[in-house]
Amino acid sequence: MRDLAVRRYNDLRCAVSRALLTAAVLAIASPLSAQTQQMPLDRGWRFRAVASTEHPETTAWHEATVPGVVQTDLLHAGIIPDPFYGDNEKRLQWIGLTDWEYTTDVIVTPKLLQHEHLDLVFDGLDTYASVSLNGTPLLSADNQFRSWRVDVKTTLHAGHNTLTIVFRSPTNLLTPIIAKLPVLIPGTGYETLDRSKGIYPVSQYVRKAPYSYGWDWGPKFVTMGIWKPVRLEAWDGVRVIGLHLHQNSVTAERAISQAQFDLASDVEGSASLQLNITAPNGTKLPAIVTPVVLDRGENHLIVPLRIEHPDRWFPNGYGAQSRYTISAVLLRSGKTLAQTQLKTGLRSVELRRVPDQWGTSFTFVINGIPVFAKGANFVPLDSFAPNITDERRRQILTSAHDAHMNMLRIWGGGFYESDSFYDLCDELGLMVWHDFMFGGAMVPGDKAFQDNVHAEAVEQVQRLSDHPSLTLWCGNNEVETAWKSWDDQLAFEKSILPEQRERVWQDYVVMFRDILKSTVAEYGNGVPYWPSSPGSNFDDVPSGKQNGDMHSWKVWSAGAPITEYAKDRPRFLSEFGFQALPDLQTIRSYAGTDEDLNSPALQNHERFIHGYNRVHQYLDAEFRPARDFASFVYLSQLMQAEAIKFGVETMRARRPETMGTLYWQLDDCWPVASWSSIDYFGRWKALQYFAARFYAPLLIAAEPQGNGIAVHIVSDELQPRQASLHLRLMHFDGTVLDEQRLPVEVAALASTPIGPLTLKSFEAKTSFAVLTLEQNGRVIASNTVYFTEPKDLALPHAQITQSIHPDGNGFLVELRSPVFARAVVLSFNGLEAKPEDNFFDLLPNESRRIHVSSKSSLAQVQSSLQVRSLADSTQ
């Protein structure tokens, strides 16, 4: 397993960074402007522990990868085992309690020193970092989410230069300071507090990704390192700071905006700014040339723009994701001083909150269209951020798009993602609800902390302001609701003096009602701001039913039945979830052949307290006992999918009372049993396949009601449809017991109630109903209804026949059964192959064809294919 871990790391390493060299003369990269040159410093890095008596081997110099973090460098050096395997995590906590030193040689030529400016730029340092060059201190960094720029013109010299960075352990650095505080503000709850042993939670006091200290789905790996690119920038005359397009008004008729060009200049006097705009279809619009006057120092140049009948950007399912390319060129006396370009989409965005019959609405309105937000919560794709490649980002975001999602919530316990992530969201039509990086913990109120956060927020909001996918900035995740309702924080409030309690609350208000709100208002390009999720904009209690967004955790966390979702009537459901085990192949990656849920490996990869017991609780209530471990994994995924399906369909049927569902969660940061619908390796669980159905633009939401079925036809389409609803009540052997057809007018952007439909008498344990919405002889939506719990169904054992044929970039699997088969799943015994659909119902004597994407041979796919259904998986 250790060899597998190193090979896995090397694969990632090759994808993220170049081959290392001990020292190299740095080549000039592509210019940012006519006078700016970038030189990456990603080679020749070495690292070591500053001191370590228990791990003396770490005090010697070892090769390092930049970007990277110390855990992955230690793994590559062969010093530690795979952090994700078994319970290795527990034996690697010393890494986060050690200080680390990184160094590299920078060779500088005399020609390079001739530039007027030489800046050392760090896109990200994790987190407390002291930077020196040739022994001269340059920088003390203290925020993982900020970039850092230092003038090194006078510090560099021709020849060899030594760049050194010392990373301090956040725990060791902060613990003695925190121990002396009169009030220890509440943390996330995932760190230990033991005053007698001098152990204190620290994550709430440091601007670092909170999830690195552990969560109920993720491990604790306190990372340190140069986690983003570092470079030298040489420039003369003018340096581009940024180009943004401030959108004042966007309609179908016209877009009125301002191009804002920021630059640093040593040049003063008259110049001209030329804007070249390319439309989404490639048409070049007439160039706009504006005379400007430059001052020494920073310049903020503004050019008004007006585009008639613009091609607008729309969310997935509502129109094209059109984007314009804007090029800015600064000219003086015929010479180009600076140039840059921007790709952005034109759209209007509104969070509509108006009084209505249910309270106050919570609706995202894009280009005048009220959009039902369909999606999931997104957590970091890896515990070690530099391991995340653009290929993985595209894979996960394409999976969201393909499941008809139109929104992702970037959760506040992680980090701000890469530019490429948001570019992909723009491309795929995925709206982004973006938390600032605060999760569950109250905040310090000292000015240094507030100023640090303000600088972070300005940088990130400006950076992301031109992405049309950016739809909401939210102050935090669950900080306010924790303060108002969580038992541990209520106990804390009682333990301190009233004036101390008020001070902690006011520090919260200053941060989330003043600092972050004003930052978004100034730099956010019209994107709405929301203080906390769940919240009510300080109007009401957080997570209420009539005002704001809700997190619903009675199901799963409190053990309530999934029908509890029907009792919630939120305006927007921004968190709710249900756990399942990942793919069996994924389990093998961290537990080997171990199938004992009480084993150290499997226990370490279930972070919810008594999580497996909760899985058993729900399975015992719904299903017969699993036949074996593989069946247990299958049933856990089916249970998860059915739970979230019920929740989503219930909420979509209530449109416009409820206008969004974002289930917890889309992805994982390591291989684990969790709430995700896609596991760490990108393998879809049953939930992701179900999501592609319950998030489809047209949905039949149907539930048994008395001796019939209550039906809602839900449409996210912009035009109404004339269609036919076809109902078949069937016996598991294929006998049709009742059949009905009725014409329906499907209203656009609405939920249309139908029925309830009354059925002829039938036996619940041997029958099911199939509903299809049909138009011009084509099925445009379908759903299946059962009339009792799965464990009470008398499901026949289906003899499913199968055939496999080559088909494009994969294979076509055709299945057929003489009797009903529920929740049929295709698996391939460890072979990498992805069915386009899975966990589907196979109707009696009806063929089902499934395309399977795989690079394997026909013989390999044929020999590895395994087909199971619910009847095969229970005793």
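Its relative contact order, with pairs defined as Cα atoms under 8 Å and 6+ residues apart, puts region 305-403 at 16 percent. Where both bridge residues fall in the chain, DSSP classifies roughly 85% of the beta bridges as antiparallel.
Ellipsoid fit via the Cα gyration tensor, the chain: semi-axes of 47, 33, 28 Å, each the root of five times an eigenvalue, largest first.
Semi-axis lengths, largest first, of the ellipsoid equivalent to region 214-365 are 34, 28, 15 Å, with √(5λ) applied to each eigenvalue of the Cα gyration tensor. Spin-label model, A287 to D87: label points 7 Å out along the Cα-to-beta-carbon direction sit 6.9 nm apart. Ranking T336, T586 from most to least accessible surface, computed with a 1.4 Å probe over the protein chains only, gives T336, T586. The local environment of A710, defined by Cβ-Cβ distances under 12 Å, has a net charge of -2 under the rule Lys, Arg +1 and Asp, Glu -1. Per-residue packing, averaged as other Cβ atoms within 10 Å, sorts the ranges 138-145, 567-574 into the order 567-574, 138-145, beginning with the highest. Simple spin-label estimate for R683 and A621 gives 2.8 nm between the two label positions (7 Å along the Cα-to-Cβ direction from each Cα). Rounded if a/c is under 1.5, else prolate if a/b beats b/c, else oblate: with a ≥ b ≥ c from the C-alpha gyration tensor eigenvalues square-rooted, which is region 323-469? It comes out rounded by the Cα gyration axes. Partner aspartates and glutamates whose Cα lies under 17 Å from the Cα of K180, excluding those fewer than 8 positions away in the same chain, are identified as D194, D446.
Relative contact order for the chain: 9 percent, from Cα pairs under 8 Å spaced at least 6 residues apart, divided by residue count.
Ligands, DNA and RNA excluded, the heavy atoms of L497 present near 90 Å² of accessible surface to a 1.4 Å solvent probe.
Between E57 and S495, full extension at 0.36 nm per residue minus the direct alpha carbon distance yields a gain of 153.1 nm. The charge dipole of region 188-264, taken about its Cα centre with unit charges on the Cβ of Lys, Arg, Asp and Glu (plus for the first two, minus for the last two), comes to roughly 280 debye.
Quick one: ranking E456, E308 by accessible area, 1.4 Å probe, largest first, what do you get?
Greatest to least solvent exposure: E308, E456.
Region 46-110 and region 508-553 have Cα centres spaced 40 Å apart. Think of a 1.4 Å ball rolled over the protein heavy atoms: region 615-704 then has 20 Å² of accessible area per residue. Tell me, how many Å apart are the Cα centres for region 148-176 and for region 475-499? Distance between centres, Cα-based: 38 Å. The simple Förster model, with R0 at 60 Å and r as the Cβ-Cβ distance, assigns T336 and I369 a FRET efficiency of 0.90. Report the accessible area of V166, computed with a 1.4 Å probe over the heavy atoms of all protein chains in place, in Å² rounded to the nearest 10. Here the accessible area works out near 50 Å². Is region 61-189 rounded, prolate or oblate when judged by the Cα gyration tensor, a ≥ b ≥ c being the square roots of its eigenvalues, rounded requiring a/c under 1.5 and prolate requiring a/b larger than b/c? Here region 61-189 falls in the oblate category. Restriction of the trypsin sites (Lys or Arg not before Pro) in region 98-181 to DSSP coil positions whose beta-carbon has at most 14 other beta-carbons within 10 angstrom yields K153, K180.
Any of K90/K834; K447/K517; K153/K343; K220/K484; K374/K484; K208/K374 with alpha carbons more than 22 Å apart? Name them for me. Please list the in-between numbers first.
Values: K90/K834 34 Å; K447/K517 17 Å; K153/K343 33 Å; K220/K484 27 Å; K374/K484 28 Å; K208/K374 29 Å.
Those over the limit are K90/K834; K153/K343; K220/K484; K374/K484; K208/K374.
Contact order normalised by length for region 737-855, with contacts defined as Cα pairs under 8 Å and 6 or more residues apart; what percent is it?
Computed over region 737-855, the figure is 18 percent.
With a 1.4 Å probe rolled over the protein heavy atoms of all chains, the accessible area of F629, F768 falls in the order F629, F768, largest first.
Straight-line reach from K791: taking Cα to Cα under 18 Å and skipping same-chain neighbours fewer than 8 places apart, the lysines in range are K765.
What a 1.4 Å probe finds exposed on the chain is 50% carbon and sulfur by accessible area, rounded to a whole percent. Please work out whether region 313-387 counts as rounded, prolate or oblate from its C-alpha gyration tensor, where a ≥ b ≥ c are the square roots of the eigenvalues and a/c under 1.5 means rounded, while otherwise a/b larger than b/c means prolate and anything else oblate? The shape class here is oblate. With a cut-off of 13 Å between beta carbons, the residues surrounding G96 carry a summed charge of +1, where Lys and Arg count +1 and Asp and Glu -1.
If the segment from D356 to D837 were pulled out straight at 0.36 nm per residue, it would be longer than the present Cα-Cα gap by 169.2 nm.
The values are calculated or read from the model by the stated rules, or taken from the named source; none is laboratory data. Keep in mind it's a predicted model, so treat the numbers as computed, not measured. Note: ideal-geometry Cβ built from the backbone for every residue, glycine included; neighbour counts use all protein chains shown. When the accessible area is computed, the model is the full protein with side chains, heavy atoms only, and any ligands, DNA or RNA have been set aside. Shrake-Rupley method; radii C 1.70, N 1.55, O 1.52, S 1.80 Å.
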